[in-house]
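*Asks:* Quick one: structure below, then a few questions.
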Amino acid sequence: MIVARKSIDKVASKPKVDPRNKLNNLTGAEWQFSTKTVINKIYPSNMQHKLRSQHGGQKPPQLCADIIKTFTKEGQIVLDPLMGVGGTLLGAALCGRKGVGIELNAQWVDIYKEVCRLENLECFTTLIGNANDHLKSFEPNSIDFIFTDVPYWIMDKVTKTRSAAAQRESRLSKFNDAELQTKEEWLAEMKEIFTNAYPALKEKGYMAVFIGDMYRGQEYHLLSGELAKTISEIDGFLLKSDIIWHDDSKMLHIYGYPFAYIPSVIHQHILIFRKERRK
Ligand SMILES: C[S@@+](CC[C@H](N)C(=O)[O-])C[C@H]1O[C@@H](n2cnc3c(N)ncnc32)[C@H](O)[C@@H]1O
């Protein structure tokens with residue numbers, strides 16, 4: 001009997017969250033796991049994946065929930081200023097956080113709302129239009145965590161030489177209606193968005209940004225590094241980590257065979273920044 005009582009007590013005494021933990025609701029063991037810089041967990045293609053994949057840049061909501069749980073407490077507010085079909089907002093709903101999203105294209109917001117309805121998940125406030133316009137009207141320090149996924153830099157010198165029809169068919173160009181853009185213009189556009197997002201984030205709050213590297217024009221572009229540098233140039237954003245997500249859904253192609261090595265990029269970066277006081 002005594003043994004049985006002991007084992008009941010063991011089950012009942014779930015590890016507690018340290019009362020000094022102001023960042024999240026994780027126990028020590030969970031916290032330790034969340035600091036890993038490589039994510040190789042497989043996320044299922046669920047939550048109306050077919051509907052969401054019309055976008056082409058959608059992220060797994062469960063992956064987003066895992067990241068959100070590291071940087072927020074239950075009930076806190078997550079902002080995605082480039083929300084697409086809402087991977088971040090769906091992730092926030094899955095783990096009991098609140099969300100707000102901004103998206104240029106209304107069609108992606110409609111899909112997000114439909115997914116919420118079909119999955120019976122809380123549907124958060126969405127603002128349609130340019131993030132640069134909406135962000136200026138956010139209350140300063142009102143957001144606990146910014147979690148977003150930048151539109152790709154789609155037009156390098158090589159793609160500029162492709163026909164207009166080929167560019168229109170590009171899978172990436174579907175979720176970014178941008179005009180022809182150099183990498184420098186793309187980086188400048190991203191800098192403007194994150195500069196405008198800065199005031200809304202609370203002091204010492206974190207920001208996570210998905211970014212994939214690219215092989216284009218016979219060259220590997222370390223876009224993650226370039227974007228990390230660009231955002232770090234904004235006074236007050238300090239780079240804290242670079243998490244590599246192994247994207248298991250990416251198909252392998254025999255690029256280059258049998259003449260040259262061309263990488264199959266099956267990982268993405270999640271850059272982590274913290275809002276520090278401005279110099
Ligand atoms: C990489 S996608 C985000 C995908 C998202 N993580 C998801 O799970 O669906 C980036 C989104 O940003 C939007 N976007 C690009 N520039 C924008 C801007 N200036 N303001 C608001 N949205 C913008 C694009 O339309 C695109 O849907």
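*Asks:* Skipping prolines and chain starts, which residues have an amide H placed within reach, meaning under 5 Å, of the one on Phe145, given they are 5 or more residues away or on another chain?
*Replies:* Here Ile77, Leu79 satisfy the definition.
*Asks:* A further question on this structure: Ser142 to Leu51: FRET efficiency via 1/(1 + (r/R0)^6), r the Cβ-Cβ distance, R0 30 Å, to the nearest 0.05? Please list the in-between numbers first.
*Replies:* Numbers: r = 31 Å, r/R0 = 1.03.
My answer for the efficiency is 0.45.
*Asks:* When the convex hull of the Cα atoms of the chain is projected onto a plane and the area is averaged over all directions, what value comes out in nm²?
*Replies:* The Cα convex hull of the chain, projected and averaged over all directions, gives 18.6 nm².
*Asks:* Here is a follow-up. List the residues whose amide H sits under 5 Å from the amide H of Lys59, counting only those 5 or more places along or on another chain, with H placed 1.01 Å from N in the peptide plane.
*Replies:* Gly87
*Asks:* Right, here's the next one. Please go through the residue pairs Lys204/Lys279; Lys16/Lys240; Lys41/Lys113 and name each one whose alpha carbons sit more than 18 Å apart in this structure. If you can, show how the numbers build up before the last one.
*Replies:* Values: Lys204/Lys279 14 Å; Lys16/Lys240 26 Å; Lys41/Lys113 27 Å.
Pairs exceeding the cut-off: Lys16/Lys240; Lys41/Lys113.
*Asks:* Still on this structure, I have one more. Could you sort the peptides 90-101, 248-259, 141-152, 190-201 by per-residue average Cβ neighbour count (10 Å cutoff), highest mean leading? Working shown, then result.
*Replies:* Numbers: 90-101: 23.5, 248-259: 9.4, 141-152: 22.0, 190-201: 19.8.
Taking the mean over residues of other Cβ atoms within 10 Å, the ranking is 90-101, 141-152, 190-201, 248-259.
*Asks:* Taking Rh as the Kirkwood radius computed over C-alpha pairs, what is the Stokes-Einstein D of segment 73-139 at 10 °C in a medium of viscosity 1.306 mPa s, expressed in µm² per second?
*Replies:* Numbers: Rh = 11.8 Å.
Estimated via Stokes-Einstein, D reaches 134 µm²/s.
*Asks:* What is the packing order of peptides 124-131, 113-120, taking the mean over residues of other C-beta atoms within 10 Å and listing the highest first? Before the final figure, lay out the partial values.
*Replies:* Values: 124-131: 17.1, 113-120: 14.5.
The packing order, highest mean first, is 124-131, 113-120.
*Asks:* Calculate how steeply helix 183-197 sits against the longest principal axis of the alpha-carbon atoms of the chain, using the helix alpha-carbon long axis, and give the answer as 0 to 90 degrees to the nearest 10.
*Replies:* 40
*Asks:* Relative contact order for segment 36-275 using alpha-carbon pairs under 8 Å, separation at least 6, rounded to a whole percent?
*Replies:* Details: 433 pairs, mean separation 47.2, N = 240.
That works out to 20 percent.
*Asks:* If you don't mind, another one. For helix 2-12, report the angle its Cα long axis makes with the longest principal axis of the Cα atoms of the chain; keep it between 0 and 90° and round to the nearest 10°.
*Replies:* 40
*Asks:* Segment 27-163: D in µm²/s via Stokes-Einstein (Kirkwood Rh, Cα pairs, 25 °C, 0.890 mPa s)? If you can, show how the numbers build up before the last one.
*Replies:* Numbers: Rh = 16.0 Å.
In µm²/s, the coefficient rounds to 154.
*Asks:* Once amide H atoms are placed 1.01 Å from N in the peptide plane, what residues at a sequence separation of 5 or more from His267, or on another chain, have their amide H within under 5 Å of its amide H?
*Replies:* Result for His267 returns Asp247.
Bear in mind these aren't lab numbers, they're just calculated from the coordinates by the rules spelled out. The structure presented is a predicted model; accordingly, all values stated were derived computationally and were not measured. In this analysis, Cβ positions are derived from the backbone assuming ideal geometry, glycine residues included, and neighbour counts consider all displayed protein chains.
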